[in-house]
Amino acid sequence: MDSTGMHDDYQSIIQTLVAERDALKENCSRLQRILDQLGFPPGHYYSPIVDVTDPEVIRVTRDRLSAPLPLGITLDLAEMNATLHCNA
């Protein structure tokens, strides 16, 4: 490959990276606008968003995931996985 072709490849890569960066910045700005409208920061008592670094949140989530299902509730995990993979 000659130097012009390599230069074009680098320019294309740089343009792709700049576009991805700009899209990420816009996504971050959009998420910040959403958070600004919540009224409370994530993890706050009244916030609908939990603080995923909070040890109590981690413990409660693990406990809930490992707890047995309530009586009378059955889950067909194979069917759920098949549906998930079919819709993914």
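Please verify whether the stretch 2-15 includes one or more residues that are without any contact (Cβ under 8 Å) to a residue 24 or more places away in the chain, of a type in the set (F, W, Y) and either in a loop (DSSP other than H, G, I, E, B) or under 30 Å from T53 (Cα atoms) (or both). No, there is no match, as no residue in the stretch 2-15 is without any contact (Cβ under 8 Å) to a residue 24 or more places away in the chain, of a type in the set (F, W, Y) and either in a loop (DSSP other than H, G, I, E, B) or under 30 Å from T53 (Cα atoms) (or both). Any residue that is surrounded by 10 or more Cβ atoms within 10 Å (Cβ to Cβ) and either touching a residue at least 24 places away in the same chain (Cβ under 8 Å) or acidic (D, E) (or both) - is there at least one of those in the stretch 64-84? No - not one qualifying residue is present in the stretch 64-84.
Is it the case, given these coordinates, that R64 is at pLDDT below 85 and not acidic (D, E)?
Yes: the conditions hold for R64.
Within the option set L65, L31, L35, being in a helix (DSSP H, G or I) and in contact with a Pro (Cβ under 9 Å, 6 or more places away or on another chain) holds for one residue only, L35.
Only one entry of G5, G39 meets the criterion of being exposed (fewer than 10 other Cβ atoms within 10 Å of the Cβ) and not basic (K, R), and that entry is G5.
Cβ-Cβ distances below 8 Å connect the following pairs, each with a first residue in the stretch 40-56 that is acidic (D, E), a second residue that is modelled with pLDDT of 75 or more and surrounded by 13 or more Cβ atoms within 10 Å (Cβ to Cβ), and a separation of six or more residues or different chains: D51/V57. Reported count of residues in the stretch 47-88, each being under 18 Å from the mean Cα position of the chain (by Cα) and of a type in the set (D, E), is 2.
The values are calculated or read from the model by the stated rules, or taken from the named source; none is laboratory data. In this text, all values refer to a predicted model and were calculated from it rather than measured experimentally. Cβ coordinates were reconstructed from backbone atoms using ideal geometry, including for glycine residues, and neighbour counts include every protein chain displayed.
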